[in-house]
Every structure is written in C-alpha cells, then in structure tokens.
Amino acid sequence: MGLIFDLDQTIIDSSIAEPYRKVRDWPTVYSVINRFVLYPGVIDALRNFKNSGLRICIVTSSPSSYCNKVLKYWDIPSDHMVCYHDTKNKKPHPEPINRALSLLRIPAEKAISFGDCDIDIIASNNANVRSVACTWGASNITTLIKSNPTYTVKNSEELISLVQRLNFCIA
C-alpha cells in the first residue's frame, strides 16, 4: 500500500513563497521556507502512516532541490519524490503519478493520492489512482471539487479516518 501526496498547499502552506516561485527566484524561496506554516495534524498523520508500514511518495511540480529543502527543514517523512525534472510530462498528465507508482512498486489499486488542486486530482484519476481532494489548502475549492475526486477531506482527522477506513494502515 502506498500514499502519494502533493507537497505545497497539501502538506504545508507555502503560499508566502508563491510570488517568488512564479519568477523562479529560488534563493528568496529558500530563505522563506522557515516561514511556511504546517497544516494542523498533517505531518503527524504522515509520520503515523509511515510508522504503520505505509510507503509515501511526494509528487510535486517543484524542482527537487526545493522539495528536498522543504522535506528536510520540516522533517516531512517520505520514501520517494517525483519532482519537476523527473518526468517529461507534468500534472495533470498521469506520468508523475505513474512514476510514483513505479517507485513505490505498487499497482494503481494499492495507492491513494492526495492534492489541493484540480491538476493533482486529474493526474491521479488519469493514472487510475483513487484521488483525494484536500480542501484545507485549496485556492479554488469549486474547481477542485469539479475535477471529480474519489474522496474529499477537510482536515487531518478526516484524512486519517479515510486511510483507516480504506484499510491502508493498522494504526
């Protein structure tokens, strides 16, 4: 069993860096990583999932240098990452999700994918992976819901409950 998570606005609120990311001012982006905000309970949920034997892959449209810095600074657990330069096609194309499945060494039916944006949901759906709309970081909930997620969660408690209900973990 495996979990696929988008990074920005799904695991962590990095909106403070968005203006700098848009212009690719990576030194400034890196300088504000310490000002990102943790979504309540999400990283603890990831740690519990990992401790119960689930494998986690982060799939992000950001470069790996950025992803590595965020994961390290905030001690976000993951087994693998699929970042901007790791695939030819980007979300909403299913290639990043399929790459995650390959790294996790699981078929699509053994995975569930979480994201805050329609491209996360569309990519997951196109890869035949159950998709979860995480509304806490979504900039446009209407567009997110219209992307046809398999499930929708509003907070970390619902996230944990869903994973448990789907028998993805013991804890």
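The values are calculated or read from the model by the stated rules, or taken from the named source; none is laboratory data. The structure displayed is predicted, hence computed values, not measured ones. Note that each Cβ is placed from the backbone with ideal geometry, even for glycine, and that neighbours are counted across all protein chains shown. In case anyone asks, the SASA skips ligands and DNA or RNA and just uses the protein heavy atoms, side chains included. Shrake-Rupley method; radii C 1.70, N 1.55, O 1.52, S 1.80 Å.
Taking segment 69-79 as the range and being outside any loop (DSSP other than H, G, I, E, B) and open to solvent by less than 60 Å² (accessible area, probe 1.4 Å) as the test, the residues that pass are Val70, Leu71, Trp74.
Residues satisfying the criterion are absent from segment 61-68 (criterion: more than 30 Å from Asn34 (Cα to Cα), open to solvent by less than 20 Å² (accessible area, probe 1.4 Å) and touching a Ser or Thr at 6+ places or on another chain (Cβ under 6 Å)). Residues of segment 80-91 that are surrounded by fewer than 19 Cβ atoms within 10 Å (Cβ to Cβ) and within 13 Å of the chain's Cα centre (by Cα): His80 alone. For the structure I just gave you, tell me whether Asp75 is in contact (Cβ under 8 Å) with a residue 24 or more places away in the chain and among the charged types (D, E, K, R). So Asp75 fits the description; yes. If you go through segment 153-164 and pick out every residue that is in a helix (DSSP H, G or I) and open to solvent by less than 60 Å² (accessible area, probe 1.4 Å), you end up with 6. Whenever a residue of segment 129-142 is closer than 20 Å to Ser102 by Cα, its partners that are among the polar types (S, T, N, Q), lying with C-beta atoms within less than 6 angstrom and at least six residues away or across chains, give the pairs Val129/Ser113; Arg130/Thr150; Ser131/Ser113; Ser131/Ser124; Ser131/Asn125; Ser131/Thr150. The residues of segment 16-57 that are open to solvent by 30 Å² or more (accessible area, probe 1.4 Å), without any contact (Cβ under 8 Å) to a residue 24 or more places away in the chain and not basic (Lys, Arg), listed by number, are Ile16, Glu18, Pro19, Tyr20, Val23, Asp25, Pro27, Thr28, Ser31. Within segment 140-152, does at least one residue satisfy the condition of being surrounded by 18 or more Cβ atoms within 10 Å (Cβ to Cβ) and closer than 19 Å to Asp13 by Cα? The answer is yes, given that some residue of segment 140-152 is surrounded by 18 or more Cβ atoms within 10 Å (Cβ to Cβ) and closer than 19 Å to Asp13 by Cα.
If the condition is being assigned to a loop (DSSP other than H, G, I, E, B) and at pLDDT below 95, then segment 32-53 contributes Ser52, Gly53.
Number of residues in segment 92-135 that are outside any helix (DSSP H, G or I), polar (S, T, N, Q) and buried (at least 19 other Cβ atoms within 10 Å of the Cβ) equals 2.
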